[in-house]
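Comments concern the structure below.
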Amino acid sequence: MYKNLLFDMDMTILDFNMAERQALSGALQHLGVEPTGEILQRYNEINLSQWKLLEKGELTRKELKVRRFRLLFEEMGIDIDPKEGAANYEPRLAQGSYYMEGARELLEKLQGRYAMYIVSNGTASIQHSRIVGADLAKYFDDIFISEEVGYNKPDRRFFDFCFGAIEKSQGKPICREETVIIGDSLTSDIQGGNQAGIDTIWFHPKGDKPLSGFAPEGDFPEGMKPTYEIRTLEQLPALLQM
């Protein structure tokens, strides 16, 4: 049975997409640009692609913050310095503390039954602000953010750092068979958990059928097959008891 739960934050506990839309819309309006659905969708796609590069170590966090706006503005023909886009966007993003459906209820149900931790690849200042806004810290034993750790998921060194801190706080070696990561990203959460030698639960709400249990056989990228897959957060408590 699991005792240690590692939760990804964005699109698992907090709704990053909503925070992103609100922040980007406000930033663009401030800069005199109409935040059309096309622009918002394209930014989302570009941003995801840049985070994948960060996970692979092909881009720094500093480069990412401006590069996503440069790519967006060039593609959309927007004549604005991308640094201005980044400067207006980030403070707004830091205010985006929206829970995913069922997330608050899930945390209240699990609290006290497990040792729970946040493991996030986000920017530290933004994530901490959103954590405060959501009153999220009270549910967790510790919070690990990649910018502060020094490594990004799925790098095993990120998990080694987390395990070391957990062992220190618990006063005993962590049992990896009793530890699981829950997250929405195959490339950071699932691949990272696999590389760290722990079970993984892929939160995949866009799946085509209800599912709670072992992940089906399929064409998962190498190293990214989850141990389990769930469609809703409500399915998690029962799965943790399997």
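Report yes if some residue within the stretch 139-147 is over 30 Å from G57 (Cβ atoms), of a type in the set (D, E) and touching a residue at least 40 places away in the same chain (Cβ under 8 Å); otherwise report no.
No, because not a single residue in the stretch 139-147 is over 30 Å from G57 (Cβ atoms), of a type in the set (D, E) and touching a residue at least 40 places away in the same chain (Cβ under 8 Å).
Pairs needed: first member in the stretch 119-136, over 18 Å from D184 (Cα atoms); second member anywhere, surrounded by fewer than 19 Cβ atoms within 10 Å (Cβ to Cβ) and of a type in the set (S, T, Y); C-beta distance under 6 Å; at least 6 residues apart or different chains.
Every condition considered, the pairs that remain are R130/S97; G133/S97; A134/S97.
Please enumerate the residues belonging to the stretch 61-77 that are in contact with a helix residue (DSSP H, G or I) (Cβ under 9 Å, 6 or more places away or on another chain), open to solvent by 30 Å² or more (accessible area, probe 1.4 Å) and over 15 Å from G122 (Cβ atoms).
Passing the criteria: E63, V66, R67, R70, L71, E74, E75, M76.
Residue check: is K83 loosely packed, with under 14 Cβ neighbours inside 10 Å, over 30 Å from L239 (Cα atoms) and at pLDDT below 95?
no
Exactly one of (1) more than 15 Å from D10 (Cβ to Cβ); (2) touching a strand residue (DSSP E or B) at 6+ places or on another chain (Cβ under 6 Å) is unmet by Q127. Its number?
(1)
Which one is surrounded by the fewest Cβ atoms within 10 Å (Cβ to Cβ), of the residues in the stretch 40-56 that are under 19 Å from D189 (Cβ atoms) and touching a residue at least 12 places away in the same chain (Cβ under 8 Å)?
Only one residue fits best here, namely K52.
The values are calculated or read from the model by the stated rules, or taken from the named source; none is laboratory data. Computed from a prediction, not measured in an experiment: that's the story for all the values here. All Cβ positions, glycine included, derive from the backbone under ideal geometry; neighbour counts span all protein chains shown. SASA here: full protein model, heavy atoms, side chains in, ligands and nucleic acids out. Shrake-Rupley method; radii C 1.70, N 1.55, O 1.52, S 1.80 Å.
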